[in-house]
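Below is one structure, written out as structure tokens; comments come after it.
The values are calculated or read from the model by the stated rules, or taken from the named source; none is laboratory data. All values derive from a computational prediction rather than experimental measurement. Note: ideal-geometry Cβ built from the backbone for every residue, glycine included; neighbour counts use all protein chains shown.
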Amino acid sequence: MSPASSPLLSRDVVDAAVAAERRRLADHVATLGGGQLATRSLCTEWTVRDVVAHLTTTTRLTVPLVLRAAVRARGSFDRMEVDLAARRASAFTTEQLVAQLRESAESSRRFPGSGPMDPLMDLVIHGQDISRPLGLAYASPPEVVTASLAHVADNKLMGGPKRLAGVRLVSSDSGWTHGEGAEVRGSDVDLLLVASGRRAGLAGLEGPGVDVVAARLGPV
């Protein structure tokens, strides 16, 4: 990509985007009914409501709380996140969780050890985790999606480099490219879902590299 179309966002833009995404997602979730909230999200361990609960933890965690949760999870980051979300989901009503998500738009606090792009990427991906199983449209700003994709593609903790090794991602809507090898072409949001381990993005992709990535995502 040319410098003018770089996916990198300044810190001020990232912080403003995080606030906007929290408000947008809170408004979106507030319209959902009980059956929709109980639907399994793209995160197999979580319902739609559990995802909302997870998103309320980001600005409310402290180092001691994280350490206690890590001990309960026996050192597994994934188990820790599932446990933290479950505890909040059981402690608050849906209305309270939505209010907490909206309130967190005013906070700059992040998960201990995370960087500025991490909460933004999390919100963009989880917006899709919530909406796609429900058949609902949900769109984050294009530049935010592209920046999130670039972040995940190189994020070892998220597993992006391992999933995308030996393939070349080509965005059909932003022109962003990444990697070398068999081509995988599609929209930024579908590339983002696949880069973060969601099979739901595969249907929107094309190219000889799709089968390579699909095999790394495991069975349907």
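Pairs, please: C-beta under 7 Å, at least 6 apart or cross-chain, first residue over 23 Å from ARG40 (Cβ atoms) and in segment 195-218, second crowded, with 20+ Cβ neighbours inside 10 Å?
Close Cβ pairs (under 7 Å, with a partner that is crowded, with 20+ Cβ neighbours inside 10 Å) amount to GLU206/GLY186; GLY207/VAL184; GLY209/VAL167; GLY209/VAL184; VAL210/VAL184; VAL212/VAL167.
Under 9 Å between Cβ atoms, at least 6 apart or on separate chains: pull out the pairs that start in segment 137-157 with a residue that is more than 19 Å from VAL184 (Cα to Cα) and end on any residue that is among the aromatic types (Phe, Trp, Tyr).
LEU157/PHE77
Against the conditions (1) modelled with pLDDT of 90 or more; (2) in a helix (DSSP H, G or I); (3) more than 15 Å from ALA20 (Cα to Cα), where does VAL82 fall short? Just the number, please.
Result: VAL82 passes all but (1).
Quick one: what pairs do we get from segment 45-62, first residue assigned to a strand (DSSP E or B), second modelled with pLDDT of 90 or more, C-beta under 9 Å, 6+ apart or different chains?
THR47/LEU37; THR47/ALA38; THR47/THR39; THR47/ARG40; THR47/SER41; THR47/ALA89
Being surrounded by 15 or more Cβ atoms within 10 Å (Cβ to Cβ) and at pLDDT 95 or above: is that true of ALA19 here? Before you say what the answer is, go through the steps one by one.
Numbers: surrounded by 15 or more Cβ atoms within 10 Å (Cβ to Cβ): yes; at pLDDT 95 or above: yes.
Yes.
Counting only residues that are among the aliphatic types (A, V, I, L, M) and under 12 Å from VAL152 (Cβ atoms), which one in segment 180-220 is surrounded by the fewest Cβ atoms within 10 Å (Cβ to Cβ)?
Across segment 180-220, the extreme among qualifying residues is VAL189.
Would you mention how many residues in segment 75-106 are under 15 Å from ALA26 (Cα atoms) and either of a type in the set (Val, Ile, Thr) or in contact with a Ser or Thr (Cβ under 6 Å, 6 or more places away or on another chain) (or both)?
7
Taking the condition of being within 19 Å of ALA214 (Cα to Cα) and in contact with a Phe, Trp or Tyr (Cβ under 9 Å, 6 or more places away or on another chain), how many residues in segment 154-187 meet it?
2
Residues that are modelled with pLDDT under 95 and either not assigned by TED's automatic domain parsing to the domain that holds SER90 or not in a helix (DSSP H, G or I) (or both): does segment 32-44 have at least one?
yes
Count, please, the residues in segment 158-180 that happen to be in contact with a helix residue (DSSP H, G or I) (Cβ under 8 Å, 6 or more places away or on another chain) and over 17 Å from PRO7 (Cα atoms).
7
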